[in-house]
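Here is the structure we will look at.
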Amino acid sequence: GAVVSQHPSWVICKSGTSVKIECRSLDFQATTMFWYRQFPKQSLMLMATSNEGSKATYEQGVEKDKFLINHASLTLSTLTVTSAHPEDSSFYICSARGQPISTEAFFGQGTRLTVV
Amino acid sequence: AQKITQTQPGMFVQEKEAVTLDCTYDTSDQSYGLFWYKQPSSGEMIFLIYQGSYDEQNATEGRYSLNFQKARKSANLVISASQLGDSAMYFCAMREGRDSSASKIIFGSGTRLSIRP
């Protein structure tokens, strides 16, 4: 399957700072990337969908000014958690779909964010 | 309304036995896709199997098979001859609508499968 690389795999930051998470498709063009958030022992909750070159579409209840998503190229999408607080601590995982269209979405390894 | 329902929060199975993980879904679309993913403790999402709504045959991938009952809106995962390495969280997921790269995939709450030696 196609490879999606997510970086960093874990990060600890101080409350009030911003953290950027990168999601790269290594061997295909990711026209669409999805960002999920997963709390411990819970399911993946879709936060937003980003299409290359356009603004992201956020799911209901997700603050777009807090979770900034940029999808500037066909191989890179970034999620920036701005002014992070302890309640933002979670597992963030991206997935990508693109050309050629495949039935599955390919996932990054995930990023464990801890805000102290 | 919950679109994907997994009613088994946790299951214990003896090694080498078969196990069925339940999944029901809700959609008004005629075209949709159903997935199963495995998530070990490391957090990565491992694709297991896919079933399209128009596929007449149940999908199979090695030890994994998907018991697709369209009228009942169920898509149960069957793992034959379970192995210790099968211990993980398992998520059922659905893509609604005609498949395009922009179609989002939503997940059920998951089932934690534990294999006993």
### Query
Looking at residue B:41, is it in contact (Cβ under 8 Å) with a residue 24 or more places away in the chain, among the small types (Gly, Ala, Ser) and within 12 Å of chain A (Cβ to nearest Cβ)?
yes
### Task
Taking residue B:44 as the residue in question, decide whether it is over 18 Å from residue B:105 (Cα atoms) and more than 12 Å from the chain's Cα centre (by Cα).
no
### Query
Quick one: residue A:39 ticks every box in (1) open to solvent by 60 Å² or more (accessible area, probe 1.4 Å); (2) of a type outside the set (S, T, N, Q); (3) at pLDDT 95 or above bar one, so which box is it?
(3)
### Task
Could you tell me whether the stretch A:12-19 includes any residue that is surrounded by 14 or more Cβ atoms within 10 Å (Cβ to Cβ) and touching a Phe, Trp or Tyr at 6+ places or on another chain (Cβ under 8 Å)?
no
#### Entry: Output for the stretch B:61-117, where each listed residue is assigned to a loop (DSSP other than H, G, I, E, B) and among the charged types (D, E, K, R)
B:63, B:70, B:72, B:73, B:98, B:99, B:104
### Task
Collect the residues in the stretch A:1-56 that are touching a Gly at 6+ places or on another chain (Cβ under 8 Å), among the hydroxyl-bearing types (Ser, Thr, Tyr) and touching a residue at least 12 places away in the same chain (Cβ under 8 Å), keeping them in residue-number order.
A:5, A:9, A:25, A:31, A:32
### Residue check for residue A:33: among the aliphatic types (A, V, I, L, M), open to solvent by 60 Å² or more (accessible area, probe 1.4 Å) and within 11 Å of chain B (Cβ to nearest Cβ)
no
### Message
Quick check on my filter: what residues within the stretch B:77-104 are under 10 Å from the mean Cα position of the chain (by Cα) and surrounded by fewer than 19 Cβ atoms within 10 Å (Cβ to Cβ)?
### Response
B:78
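The values are calculated or read from the model by the stated rules, or taken from the named source; none is laboratory data. Quick caveat, the model's predicted, so the values are computed rather than measured. Please note: Cβ atoms are built from the backbone with ideal geometry, for glycine as well, and neighbour counts cover all protein chains shown. Ligands, DNA and RNA are stripped out before the accessible areas are found, and what is left, the full protein with its side chains, is counted by its heavy atoms. Shrake-Rupley method; radii C 1.70, N 1.55, O 1.52, S 1.80 Å.
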